[in-house]
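Heads up: the structure comes next, in structure tokens.
Please treat every number below as a calculation from the coordinates, not as lab data. Note that the structure is predicted; figures quoted are calculated from it, not measured. Positions of Cβ are generated from backbone atoms using ideal geometry, with glycine treated the same way; all protein chains shown enter the neighbour counts.
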Amino acid sequence: MGCCVSTSSKSTCSSRSNGEMANPSCLEIGCCVHKKARRTFSDHVISLHHLASLPSRIFTNGKSRASCIFTQQGRKGINQDAMIVWEDFMSEDMTFCGVFDGHGPHGHLVARKVRDALPLKLLSFLHSSESKRNGSGKACFKGNVKPDNGDSQKDLSAEDKLNSTWREAFMKAYKSMDKELRSHPNLDCFCSGSTAVTIVKQGSNLFMGYIGDSRAVMGSKDSNDSMVAIQLTIDLKPDLPREAERIKRCKGRVFALQDEPEVPRVWLPFDDAPGLAMARAFGDFCLKEYGVISIPEFSHRLLTDKDQFVVLASDGVWDVLSNEEVVEIVSSAPTRSSAARILVDAAAREWKLKYPTSKMDDCAVVCLFLDGKMDTESDYDEQGFSSATLQSNHSGNPVESDDGLKSEPSLQRNFTVRSSEENEPNNGVQSIDVEDGASSADDQNWSGLEGVTRVNSLVQLPRFSEERPKS
């Protein structure tokens, strides 16, 4: 039950995505066989420069061996949601999943950058932690910690060590990610940011790290074999007592606007801006001195045979569907590969029904099936689906390119703010928190509320944001 990490990168991992087989080099973590490493960890990281070419990593609409993912652009402009599933993450039995919901003028770029860089940082810190602990750079930690009655104290100790290793890796990876965003030469994150909900499944272990209000929910069977929803994460809103106390202690302010009393926001001490509707996020550096943090909440869960699947989604889904509704939709999907798309379609319908005068938010969904199985081709034929259909962008929106490591993103403003003549009346629709990447042209003051009929993650940019000195 101990921890050992092997840096052997012998290319025996089957890396399959979208029905293809490949054998790229991978970092073997989880095995206790000490073999001479054919490639170093540095070699492995360098090979990840071409992330888009890894067949075990998917980030656009599609499926993998045990998951399906789907995103659909809302009615606010560019899709600011990003998502990823990376199978064979560090060993054959390890899968990384994440959903990232950007906000602010450059939120889409922040979300994509985090999607690409955060898994690499987590991988690096896991390896570094175990190498230092073992003093030799080899051996490993097994992921399957199941306390049994025979030697429970020893097993609990092993579980504590495992928890400590993963917690430290998540904390360091998130910290490094935010530091990289702060110093990025071409990506302005002063008033733009992103949520993150990330999980790693290794054997029967599920490790979770998250910030912001994207959510993870698990579908599991109860004693009566009925499907139930188990919320795995907490929406880290500013009105949570611990979050509000920290923000106020740092001189930030937490209050809701008069016309949206159900949405608490974080404000600067000297300006009614930016009005961030979450307590933790990557980026948003205008608020980092005033209580908004990027330190993730971490948790570990031992999976059982009754646990069926995990759904990660941005708040475009959770704003209109309950945990129970999401679990019911996924569990009743005609094929597993279609589950994410069907869930997004259901959310889109609910937006139209519940909030007909509102602009639908972006939606991103990752469905990870815990038994590691997906559909056969006959399942697609029976339901009228094809692999090609599942790989396409169902909504007809252009699929965003993987620009995270190939080139620096362009920072042109998004022309998504509608003029006052185009504004639709609210008609008394109750406002809830959704995210918007709207920005104005010609260097006008950006307002997250202009031209929309629902609440956004940011209200407006601080007055000094354009004139702030470069650090």
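Remarks
- For the range 301-323, the residues whose backbone nitrogen is under 14 Å from a point 7 Å from the Cα of Glu262, taken along Cα to Cβ, are 318-322.
- In this simple spin-label model, placing a label point 7 Å from the Cα along the Cα-to-Cβ direction at both Ile234 and Ser157 gives a separation of 3.1 nm.
- Segment Lys132-Glu328, extension gain: residue separation times 0.36 nm, minus the distance between their alpha carbons: 66.1 nm
- The Cβ shell under 13 Å around Leu120 holds other residues with a net charge of +3, Lys and Arg each +1, Asp and Glu each -1.
- Centroid-to-centroid separation of the range 320-344 and the range 66-112 [C-alpha atoms, Å]: 18 Å
- The range 230-265 and the range 277-301 have their alpha-carbon centroids 12 Å apart.
- For Lys288, neighbours were defined as the other residues whose beta-carbon sits under 10 Å from its Cβ, and their charges (Lys and Arg +1, Asp and Glu -1) total -2.
- Using the Cβ-Cβ distance between Ile295 and Phe270 with R0 set to 25 Å, the FRET efficiency works out to roughly 0.50.
- Counted residue by residue at 0.36 nm each, then reduced by the alpha carbon distance between them, the extension gain from Asn224 to Cys250 reaches 4.5 nm.
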